[in-house]
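Quick note: the coordinates plus some simple rules give every number you see, no bench work behind them. These numbers were taken from a predicted model, which means no experiment stands behind them. So basically every Cβ, Gly included, is an ideal-geometry build from the backbone, and we count neighbours across all protein chains shown.
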Amino acid sequence: MRSQGIVHAEIEILVPFFDVDMMEIVWHGHYVKYFEQARCALLDKLGHNYAQMRDSGYAWPVIDLQLRYVRAAQFGQRIRVRADLVEWENRLKINYLISDASSGERMTRGSSVQVAVAIASREMQFASPKVFTDIVQRFLP
């Protein structure tokens with residue numbers, strides 16, 4: 001299992017018809033959307049979502065995305081998507097785990113990496129902005 005973070009968020013999704021192919025399994029590209037939904041829940045929990053990031057003067061583009069498919073999700077299946085914040089000082093790294101909501105069986109895991117970019121200058125930051133690290137500090141033991 002991937003490492004758990006200092007803070008996490010979980011969401012549940014009932015796999016909709018429009019996310020599946022003719023075999024009634026989720027098309028592989030939709031897992032990225034599920035990760036994004038969990039990431040947004042995590043950022044909301046931190047109190048620093050994308051609108052607040054923008055308002056603080058920074059964009060956070062995804063620069064790396066990893067996925068490992070274990071078992072396909074199916075139409076009508078209830079899945080749980082967990083997002084864990086594991087790095088924040090120099091970049092934003094989030095680990096994800098998708099599991100069956102009823103059995104807990106692991107289905108997909110992955111991670112994303114984002115870096116801060118100053119909106120005004122479009123320059124990548126080599127450390128996370130203080131406005132973000134100060135927020136994360138509140139969650140440290």
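Here are the numbers for this structure:
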{"item": "Single unsatisfied condition, ALA101 versus (1) surrounded by 18 or more Cβ atoms within 10 Å (Cβ to Cβ); (2) farther than 15 Å from HIS8 by Cβ; (3) among the aliphatic types (A, V, I, L, M); (4) in contact (Cβ under 8 Å) with a residue 60 or more places away in the chain", "result": "(1)"}
{"item": "Residues located in the stretch 1-30, provided they are without any contact (Cβ under 8 Å) to a residue 24 or more places away in the chain and either under 18 Å from the mean Cα position of the chain (by Cα) or part of a strand (DSSP E or B) (or both)", "result": "GLY29, HIS30"}
{"item": "Any chance TYR96 is surrounded by 18 or more Cβ atoms within 10 Å (Cβ to Cβ) and either touching a Gly at 6+ places or on another chain (Cβ under 6 Å) or without any contact (Cβ under 8 Å) to a residue 12 or more places away in the chain (or both)", "result": "yes"}
{"item": "Number of positions in the stretch 80-105 that are under 15 Å from ALA38 (Cβ atoms) and not hydrophobic (A, V, I, L, M, F, W, C)", "result": "7"}
{"item": "Per-region count, the stretch 75-86, residues surrounded by 16 or more Cβ atoms within 10 Å (Cβ to Cβ) and either free of Cβ contacts under 8 Å to residues at least 60 places away in the same chain or outside any strand (DSSP E or B) (or both)", "result": "2"}
{"item": "Pick from the stretch 30-74, criterion of a type outside the set (Lys, Arg) and farther than 30 Å from PHE126 by Cα, ranking: surrounded by the most Cβ atoms within 10 Å (Cβ to Cβ)", "result": "ALA73"}
{"item": "Residues (surrounded by fewer than 17 Cβ atoms within 10 Å (Cβ to Cβ) and within 11 Å of ILE79 (Cβ to Cβ)) located in the stretch 3-15", "result": "GLU10, ILE11, GLU12, LEU14"}
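One line per residue, one yes/no per condition, for (1) in a helix (DSSP H, G or I); (2) under 19 Å from HIS8 (Cβ atoms):
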residue: ALA38; (1), (2): yes, yes
residue: THR108; (1), (2): no, yes
residue: SER111; (1), (2): no, yes
residue: ALA120; (1), (2): no, no
residue: SER128; (1), (2): no, yes
